Every structure is written in structure tokens, then in C-alpha cells.
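Colleague: The structure follows.
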Ligand SMILES: CC(C)(COP(=O)(O)OP(=O)(O)OC[C@H]1O[C@@H](n2cnc3c(N)ncnc32)[C@H](O)[C@@H]1OP(=O)(O)O)[C@@H](O)C(=O)NCCC(=O)NCCS
């Protein structure tokens, strides 16, 4: 059975390899200082929130990170699910769905109006899951690097 629990400071050793695999999935690298800062803010719930999924032997098998922000379209604001990762050997078993469900519960508890997230159009495995849980808005994502 999968259990989901808030990310805590002493989870770093189990979170770090999953985070590294996630960055590799996105063919990205980050300075260690960024990873250190992100983990510290997640563990302190300092504007960033995280949860770890564990299998029935207690092994960390996935994570999700999210944050809240105000909106011009809402009095209570939105929840942005920024990162989601499940270890390759347990995919297809409902862990991803459970992690999204955890964020939904956290967002409902704060009164946020919605949970939203982005994915790459070609990420078929992720989109199969998302299409079963949420609505594809059709928005196209742009970025301006600074
Ligand atoms: C996207 C991701 C988080 C999904 O996690 P997951 O634990 O496999 O998700 P679930 O098991 O809850 O759901 C996957 C869906 O695909 C189905 N599936 C079946 N076999 C599968 C397999 N071998 N691999 C993946 N999904 C499979 C599941 O049955 C489920 O469909 P359903 O809801 O219709 O039953 C995971 O694939 C992942 O970490 N991918 C790499 C990183 C990534 O893409 N992150 C998301 C960025 S937006």
C-alpha cells in the first residue's frame, strides 16, 4: 500500500535521488545551491510544499511539490502543482494518482479554487493519467528567460 506524508527535513537522503532522476528526466541540471535551497524551503513549508510516497516497505518511491499563489480571477487563489515524479519500477500502480490526490486535499484545505499543472504535450504516460483526473485547458505555455 502507498502512504503519502509531508516532506520533512530528515527525508533529504531519500528525496535527493528521486529529485536527481526527475532532473535527468527533464534533461536538466541545477546548481547544488538551488537544490539545497529548494529542499530547505520544502521541509520548512516556507512557501513550497512537498510530499513523499512510500511503498509498503517504507521505501520512498515518488514525490510531489506544490505552492499557492493569488489570482486576479479568484479571491482565494490557486494551487500550482510544480513537480511530480514516480520511480520507474512502480509506475502504473497508482502512486502518481495518489500524489495528485494528496495535493488536491491540501489545496481544498486552504480553500484554493483549483489545482493546476503543466506538462509537455508529448508526455504520453503523464497525459494518460492527467486526462483521467483533470481537464486539458488547451492553453499553450510561453516563457521569457531573464
Ligand atoms: C507521470 C507519472 C508521475 C505517473 O505516475 P504513475 O505512478 O505511473 O501514475 P499512476 O499509476 O497513478 O497512473 C498512470 C496511468 O497509466 C497507466 N499505466 C499502466 N501501465 C503503466 C506503465 N507501465 N507506466 C505508466 N503508466 C501506466 C495506469 O494504469 C494509469 O492509468 P489509469 O489512471 O487509467 O489507470 C510517472 O510516469 C513519472 O514520474 N514520469 C516521469 C516524470 C514525469 O513525467 N512527471 C510528470 C511531469 S508533468
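The values are calculated or read from the model by the stated rules, or taken from the named source; none is laboratory data. Predicted model only: the values in this text are computed from it and were never measured. Cβ coordinates were reconstructed from backbone atoms using ideal geometry, including for glycine residues, and neighbour counts include every protein chain displayed.
Colleague: Could you check, for segment 102-109, whether at least one of its residues is within 26 Å of residue 24 (Cβ to Cβ) and at pLDDT 95 or above?
Modeller: Pass one, segment 102-109, residues within 26 Å of residue 24 (Cβ to Cβ): 102-103.
Adding the requirement that they be at pLDDT 95 or above leaves 102-103.
For segment 102-109, residues within 26 Å of residue 24 (Cβ to Cβ) and at pLDDT 95 or above: present.
Colleague: Do the conditions hold for residue 138, that is, is it surrounded by 12 or more Cβ atoms within 10 Å (Cβ to Cβ) and at pLDDT 95 or above?
Modeller: Details: surrounded by 12 or more Cβ atoms within 10 Å (Cβ to Cβ): no; at pLDDT 95 or above: yes.
Criteria not met by residue 138.
Colleague: Please note which strands (runs of 3 or more DSSP E) are completely contained in segment 42-146 and include at least 2 residues that are within 10 Å of the ligand (Cβ to nearest atom) and in contact with a helix residue (DSSP H, G or I) (Cβ under 9 Å, 6 or more places away or on another chain).
Modeller: Numbers: elements: 49-54, 60-71, 74-86, 114-116.
Once the strands (runs of 3 or more DSSP E) in segment 42-146 are filtered for at least 2 residues that are within 10 Å of the ligand (Cβ to nearest atom) and in contact with a helix residue (DSSP H, G or I) (Cβ under 9 Å, 6 or more places away or on another chain), what remains is 60-71, 74-86.
Colleague: Criterion first (surrounded by 12 or more Cβ atoms within 10 Å (Cβ to Cβ) and in contact with a strand residue (DSSP E or B) (Cβ under 8 Å, 6 or more places away or on another chain)) does residue 39 satisfy it?
Modeller: Values: surrounded by 12 or more Cβ atoms within 10 Å (Cβ to Cβ): yes; in contact with a strand residue (DSSP E or B) (Cβ under 8 Å, 6 or more places away or on another chain): no.
Judged against the criteria, residue 39 is not a match.
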